[in-house]
Amino acid sequence: MSAIRARASEIPTGAERTLELLERQVGRSLSDVETPVAVIDIDRLDTNLRDLQSYVDLHHIELWPHTKTHKSPEIGRRQLELGAGGLTVAKTGEAQVFQEAGAPRILVHYPPFGTDKWERLADIAASGVELTVAVDSVAPAEGLARALDRRGLRAQLLVEVDVGLHRTGLTTPAGALAVAQELSKLPAVEVAGISCYPGHLRPEDPTLPRGLEEVDAFLRETCDVFTTAGLRCDRISGGSTPTRHLTHTTCVNELRSGTYALLDRNDGADDRCALWIEVTVISDAVLNQVVVDAGSKTFTSDDHPDGGHGSVTGWPGADFAHINEEHGYIDVSALSERPAVGRHLQIVPNHACGCMNLHDGVLAVRDGVVDHVIRVAGRGLIR
């Protein structure tokens, strides 16, 4: 007898299956959950959120967390409850998620291009959200302005400048001013200031404070030329997780840190990392090596200055050296005793943002027990 075949449209998606499986884990101890699975310690998460909110409150800086790290309405709402001024996203689809989650102010820090994106952003503005978009040229703003103007809507613009990462942004204050002056001629939008991302300044770099001084000087010069030309520059958006606690030494008044919520191996803070991957050792057949049940499809392949693909918590000397798509290779040659097959391990990923984007849901854990499932509703929204 042949098996009954369902229509393709009736077969549950991977996201649907995953969320169903995750819900079955609620109430279990971590040692009993099915692996591999992404886990967030909700007490650590709340500590991280409160820590940065307290810092910005002390220094009268507005926090606009970048939700690209967690992509979760639950965490975004918590950031707003604690006092964030708004939420930052990269893609239009992410903006729709957080608009539906109730965010009153959204910054799209990515130049949107294309009629579909402009119309969806206009829909967000029409819902009552105070919309801001960062651009480094006129073309994306022209299309957005047309879509907004046709419907009697408005948005603010930030002119992005390049302070050293060399990815997007105008490279000189004069260039930023020229674009801002063209933008100021468009209907339905208003230039409100400037933005940057100092992603070239890494926590392991001893020259970080000096580099941040150079960023600040560039921002101040740019703001001065805007003001002299009669343009607004009251919003100066920038910062990053590595530089977050130095923001008060700069002119930045809107901080867009993202990874601070979860932290990761790149931030060098395993004891404060709220995110890890719970894995199981599935093989010890090769000398001086164990293999776990998670690879690049679980962690991402993002690198680290010291090599490897994550930090194995509680096993100093264990080197998470290599990954395939579904296998993780841990070098245990430096260990006096290696973890046995069936043993659970906790591995902090190199990069929280890329890792979270691979998971439809995450187990929220308190005191070693699964409390609930955090849905990653913004996962995969690349448009």
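Would you calculate, for the chain, the mean residue ellipticity at 222 nm contributed by helices, counting each DSSP H stretch of 4 or more residues as -39,500 (n - 2.57) and dividing by all residues, to the nearest 500?
Result for the chain, helices only: -9000 deg cm²/dmol.
Relative to the longest principal Cα axis of the chain, at what angle does helix 42-58 sit, 0 to 90 degrees, rounded to 10?
20 degrees
For a quick check, take a GNM of the chain with Cα springs below 10 Å and name the residue from L107, L263, L208 with the largest mean-square fluctuation.
The residue with the greatest mean-square fluctuation here is L208.
Which links in K71/K91; K91/K297; K68/K185; K71/K297 stretch past 20 Å when you go from one Cα to the other?
K91/K297; K68/K185
Quick one: if you take sqrt(5λ) for each eigenvalue of the C-alpha gyration tensor of the range 46-140, what semi-axes come out, biggest first, whole angstrom?
They are 25, 14, 11 Å, listed from largest to smallest.
For the range 267-310, report the accessible area per residue in Å² (1.4 Å probe, heavy atoms, rounded to an integer).
42 Å²
Once the whole set of protein chains is in place, how much accessible area is left on T227, using a 1.4 Å probe, in Å² to the nearest 10?
The value for T227 is about 90 Å².
Just to confirm, what accessible area per residue do you get for the range 314-367 at 1.4 Å probe, in whole Å²?
With all protein chains present, the range 314-367 gives 46 Å² per residue.
Mind pulling the angle between the C-alpha long axis of helix 173-183 and the longest principal axis of the chain? Nearest 10 degrees, somewhere in 0 to 90.
Between the helix axis and the principal axis of the chain, the angle is about 80 degrees.
Of all the accessible heavy-atom surface of the chain, with the other protein chains kept in place and a 1.4 Å probe, what percent is carbon and sulfur?
On the chain, the fraction of accessible area on carbon and sulfur atoms equals 49 percent.
In whole angstrom, note down how far apart the Cα centers of the range 132-146 and the range 242-316 are.
Using only Cα atoms to place each centre, the spacing works out to 35 Å.
At a Förster distance of 30 Å, what's the computed FRET efficiency of D116 paired with L21, Cβ-Cβ distance as r, to 0.05?
0.35
Please say if the range 1-101 is rounded, prolate or oblate, where rounded means a/c under 1.5 for a ≥ b ≥ c the square roots of the C-alpha gyration tensor eigenvalues, and otherwise the choice is prolate for a/b larger than b/c and oblate otherwise?
Oblate, because a/c is 1.5 or more while a/b does not exceed b/c.
When the label point is put 7 Å from the Cα of H59 along its Cα-to-beta-carbon vector, which residues of the range 166-209 have a backbone N closer than 14 Å?
Those under the cut-off are 198, 209.
Using packing as a proxy for protection, rank 291-297, 23-29 so that the peptide with the highest average count of other Cβ atoms within 10 Å comes first.
291-297, 23-29
For every other residue with a beta carbon closer than 12 angstrom to the beta carbon of I282, add +1 if it is Lys or Arg and -1 if Asp or Glu, then tell me the sum.
That works out to -2.
Of P173, L255, G102, which is farthest towards the positive pole of the chain's charge dipole, taken about the Cα centre with +1 and -1 on the beta-carbons of Lys, Arg and Asp, Glu respectively?
Towards the positive end, the residue furthest out is G102.
In a GNM of the chain with a 10 Å cut-off on Cα contacts, which of Q53, Q181, Q79 has the highest mean-square fluctuation?
Q181
Which angle between 0 and 90 degrees, to the nearest 10, do you get for helix 14-23 versus the longest principal axis of the chain when only C-alpha atoms count?
So the helix axis and the longest Cα principal axis differ by about 70 degrees.
Counting other Cβ atoms within 10 Å, which trypsin sites (Lys or Arg not before Pro) in the range 108-208 have at most 15 and lie in a DSSP loop?
Loop-located and lightly packed - R151, R154, R167, K185.
For q = 0.25, 0.28, 0.29 Å⁻¹, what log10 I(q)/I(0) does the range 321-383 give under the Debye formula with an equal point scatterer on each alpha carbon and no solvent?
Debye curve over Cα of the range 321-383, log10 I(q)/I(0) at q = 0.25, 0.28, 0.29 Å⁻¹: -1.22, -1.27, -1.29.
Throw me the Rg/Rh for the range 126-265, computed over C-alpha atoms with Kirkwood Rh, two decimals.
Using only Cα positions, Rg/Rh for the range 126-265 is 1.00.
Evaluate E = 1/(1 + (r/R0)^6) for D303 and S336, where r is the Cβ-Cβ distance and R0 equals 25 Å; express this FRET efficiency to the nearest 0.05.
Computed FRET efficiency for D303 and S336 comes out at 0.30.
Taking all pairs of different Cα atoms in the chain, averaging 1/r and flipping that mean, what Kirkwood radius in angstroms comes out?
22.3 Å
Roughly how many Å² is the accessible area per residue of the range 1-113, as a whole number, for a 1.4 Å probe?
Value for the range 1-113: 50 Å² per residue.
Can you list the GluC sites (Glu not before Pro) in the range 178-275 that are in a DSSP coil and have 14 or fewer other beta carbons within 10 angstrom?
E204
The values are calculated or read from the model by the stated rules, or taken from the named source; none is laboratory data. Keep in mind the model is a prediction, meaning the values are calculated, not measured. Using ideal geometry, Cβ is built from the backbone for each residue, glycine included, and neighbour counts are taken over all protein chains shown. Calculation scope for accessible area: heavy atoms of the full protein, side chains included, ligands and nucleic acids excluded. Shrake-Rupley method; radii C 1.70, N 1.55, O 1.52, S 1.80 Å.
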